[in-house]
Amino acid sequence: MPHYVSYDAAELHYRVLGDGAGPPLVCLAGGPGRDAAYLGDLAGLSAHHTLIVPDSRGTGASPPPRNPAAYAFPALADDLESLRDHLELDRFALLAHDAACATAQAYAAAHGEYLTHLVLVAPGSRLQGELPTDAEEIFESRATEEWWVDAYVAVHSLAAATDLAEVRSLLLRAAPMAYARWTPTQRAHAAGEPDQLNPVPRAGFWQGVDEPARLDLLRALRNVRCPVLVVTGDRDAVTGMRAGEAVAASFPRAVVRPLHEVGHYPWVDEPDMFRPLVESFLGT
């Protein structure tokens, strides 16, 4: 697996998908602290782009940092800049999913001149200081589905769970809420989540970012010149849709594309809808 040396001399790893002929698309996994394997090839985006998929600290083949502060999303953005320098990319397109959208925004705020395009998939809006309730409304609207009662119990048991094995079991029981439907395709994708999450980087992701720093970051986003695509799903009971609208409003050149019958993983629920949308955007 290829690796690079980051700003603090840490040796971090990344994967390359595709034949290397297409333009680079760096893809950041969310979670936070989830192994990037769950991204797969993002519904076949590797057919026309060289996907560069880093393992963030403490996930995949990348080791944990000596300083836990390196788990915070602004520090992960510094890792991304080290990766860009290692790959000698003058400019590149960046895609992020879920919590990694905060890392991508931190990178855009600090190094937006290197970005040609930015794709934010199913973002939350904690960075914007907003916590919309529509994800809960989407979840409640699906109460007639057979998995719902067990998922409801699991979701409301997670806060009190302390044993890692119990947490992983609860996550798997709650998994259907993240997908538009609960078929074998979605079940197979969800089965990997419990073992892909590392609780240590997850806990450190939002640490050490005070209010002045958050507001400075949001102000810097107003100067990001690259086009931004925000993808949301109308069945996403994890982050919902209104969070994506709040994130898009932080940028001067952002568009929101809500997808019908799509949950938190649009490349799993509707690959033939997700892939052309991203490819068309990257071609502009």
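The values are calculated or read from the model by the stated rules, or taken from the named source; none is laboratory data. Keep in mind the model is a prediction, meaning the values are calculated, not measured. Using ideal geometry, Cβ is built from the backbone for each residue, glycine included, and neighbour counts are taken over all protein chains shown.
Structure notes:
- Residue, nearest to the chain's Cα centre (by Cα), within the range 37-58, restricted to residues that are part of a helix (DSSP H, G or I) and closer than 16 Å to LEU94 by Cα: LEU39
- Condition met for GLY31 (farther than 26 Å from ALA213 by Cβ, in contact with a strand residue (DSSP E or B) (Cβ under 8 Å, 6 or more places away or on another chain) and either of a type outside the set (S, T, N, Q) or assigned to a helix (DSSP H, G or I) (or both)): no
- If you check LEU171, LEU215, LEU229 for being surrounded by 13 or more Cβ atoms within 10 Å (Cβ to Cβ), assigned to a helix (DSSP H, G or I) and among the aliphatic types (A, V, I, L, M), only one passes: LEU171.
- Condition check for ALA43: aliphatic (A, V, I, L, M), farther than 16 Å from ASP98 by Cα and modelled with pLDDT under 95: no
- No other residue among ASP150, ASP163 is free of Cβ contacts under 8 Å to residues at least 24 places away in the same chain, within 20 Å of GLY58 (Cα to Cα) and either out of contact with any Phe, Trp or Tyr (no Cβ under 7 Å at 6 or more places or on another chain) or of a type outside the set (A, V, I, L, M, F, W, C) (or both) apart from ASP163.
- Within the range 59-110, the set of residues being closer than 23 Å to VAL200 by Cα, of a type in the set (D, E, K, R) and free of Cβ contacts under 8 Å to residues at least 60 places away in the same chain comprises ARG66 only.
- Taken over the range 88-123, the residue count meeting the criterion of being in a helix (DSSP H, G or I) and of a type outside the set (A, V, I, L, M) is 8.
Here is a yes/no grid of residues against (1) of a type outside the set (Gly, Ala, Ser); (2) modelled with pLDDT of 95 or more:
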{"position": "ARG84", "(1), (2)": "yes, yes"}
{"position": "LEU94", "(1), (2)": "yes, yes"}
{"position": "ALA100", "(1), (2)": "no, yes"}
{"position": "GLY112", "(1), (2)": "no, yes"}
{"position": "HIS117", "(1), (2)": "yes, yes"}
{"position": "GLU130", "(1), (2)": "yes, no"}
{"position": "THR144", "(1), (2)": "yes, yes"}
{"position": "VAL149", "(1), (2)": "yes, yes"}
{"position": "LEU158", "(1), (2)": "yes, no"}
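- Residue in the range 52-105 that is surrounded by the most Cβ atoms within 10 Å (Cβ to Cβ), counting only those that are of a type in the set (S, T, N, Q) and in contact with a strand residue (DSSP E or B) (Cβ under 9 Å, 6 or more places away or on another chain): SER56
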